[in-house]
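Could you have a look at this structure, given as structure tokens, before my questions?
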Amino acid sequence: MIRIYIIRHGETESNTRAACIGSTDVPLNDAGRSQAEILCAKLDELCPDAVYVSPLSRAADTIMPYSTRHPEIPVITEPALRERSFGEWEDMSFEEIRAADPERYKEWQLDFVGYAVPGGESSMQVQQRVNEFIDELLKQGDGKTYFLVTHLGTARHLLSRCLCLSAEQSWRFTLENASVAVIDIENGCGVLKYLNV
């Protein structure tokens, strides 16, 4: 069995606007930094084999209090854990996208998984890179525990892959800022033990 902790970064100002902040590297706000401290204090008693973290600073800064106190645990920057690129729609809310680009917004809503946003990624492309990463992680053998520090969209796809669900079903999950989902995986498919803890 492998245990995976999927950890969403703390709050950013863009989160307070419900904006699509994909590859834009926005920092944690004051609330997000406080959330990170509280989260990492809860994680302190755990000893994963490795911490994999998105290359975006809001993810790295969320786990930094933990990794500073546990320098013996490897922290690995993992590009597959970055958030979906929203291309021309970066840092825009759904309402802002609909107002600024109504025709393409309509296309997106008709094919929420397959549609690649202008200059960005589709949900399916994110699912594919997440799947490849998890498949490689599972090859490292049983008895391991990992922290995966990531973003809401990517966390949904991680949940979907780990629970052997489809990309379409990823939208049935949410993970609050600075919250954790815990999954135990055996024979390639997992059981959700905790969500939003």
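What length, rounded to one decimal in nm, is gained on full extension from Y194 through to R104, with 0.36 nm per residue of separation minus their alpha-carbon distance?
Fully extending the segment from Y194 to R104 adds 28.7 nm.
Here is a follow-up. What does the charge count around L165 come to, taking other residues whose C-beta lies under 13 Å from its C-beta (Lys +1, Arg +1, Asp -1, Glu -1)?
+2
Something else now. When ranked by the protection proxy of mean other Cβ atoms within 10 Å per residue, highest first, what sequence do the peptides 118-130, 2-14 form?
2-14, 118-130
With label points built 7 Å along Cα→Cβ from the Cα atoms of Y115 and S23, find their separation and express it in nm.
In this crude spin-label approximation the distance works out to 2.0 nm.
Once each part is reduced to its C-alpha centroid, what is the distance from the stretch 33-95 to the stretch 144-178 in angstrom?
14
Still on this structure: Evaluate the distance, in nm, between pseudo-label points positioned 7 Å from the Cα of E45 and of S93 along their respective Cα→Cβ axes.
For the pair E45/S93, the computed spacing is 4.0 nm.
Pop the C-beta distance of Q128 and D184 into the FRET formula with R0 = 22 Å and round what comes out to the nearest 0.05. The partial results should precede the final answer.
Working: r = 24 Å, r/R0 = 1.08.
Plugging the Cβ-Cβ distance into 1/(1 + (r/R0)^6) gives 0.40.
For Q169 and R69, FRET efficiency with R0 = 35 Å and r from the beta-carbon atoms, rounded to 0.05?
The computed FRET efficiency comes out at 0.45.
Cysteines without a disulfide-compatible partner in the chain, using Cβ under 4.7 Å as the rule?
Unpaired cysteines in the chain: C20, C40, C47, C162.
Considering only DSSP beta bridges where both residues belong to the stretch 2-194, give the percentage that are antiparallel (nearest 5).
50
I've got another one for you. Rounding to the nearest 10 and keeping the result within 0 to 90°, find how far the Cα-based axis of helix 123-138 lies from the longest principal axis of the chain.
With rounding to tens, the tilt is 10 degrees.
For the stretch 1-98, what log10 I(q)/I(0) values come out of the Debye formula at q = 0.19 1/Å, with one point per alpha carbon and no solvent?
The computed values of log10 I(q)/I(0) come out as -0.93.
Oh, and also: When the dipole is taken about the Cα centre of the stretch 2-194, and only Lys, Arg (+1) and Asp, Glu (-1) are charged at their Cβ, what size is it in debye, to the nearest 20?
Here the size comes out at about 380 debye.
Please give the peptides 144-155, 42-53, 19-30, 102-113 ranked by average Cβ packing (other Cβ atoms within 10 Å per residue), highest first, as a rough proxy for protection.
144-155, 19-30, 42-53, 102-113
In addition: From the phi of every residue in the stretch 19-30, what ³J(HN,Hα) in whole Hz does the Karplus formula 6.51 cos²θ - 1.76 cosθ + 1.60 yield, where θ is phi - 60° and glycine or proline is x?
Per-residue couplings from phi come out as 8, 7, 9, x, 7, 5, 8, 8, x, 5, 8, 4 Hz.
Over the chain, what portion of Cα pair distances is larger than 22 Å, expressed as a whole percent?
So the portion of pairs separated by more than 22 Å is 45 percent.
Still on this structure, I have one more. Students often forget the sequence filter, so: which lysines lie under 30 Å Cα-Cα from K144 once same-chain residues fewer than 8 apart are removed?
Candidates past the 8-residue exclusion: K42, K193.
Under unit Cβ charges (Lys, Arg +1; Asp, Glu -1), what dipole magnitude, rounded to 20 debye, does the stretch 116-197 have relative to its Cα centre?
In total the dipole reaches around 100 debye.
While we're looking at this one, here's another question. Given R₀ = 25 Å, what would the calculated FRET efficiency be for S34 paired with T77, taking r from the Cβ atoms and rounding to 0.05?
Calculated transfer efficiency: 0.55.
Read-outs throughout are calculated quantities, based only on the coordinates presented, and are distinct from any laboratory measurement. Quantities reported herein were computed from a predicted structural model and do not represent experimental measurements. A quick note on method: Cβ atoms are made from the backbone with ideal geometry, for glycine too, and the neighbour counts reach across all protein chains shown.
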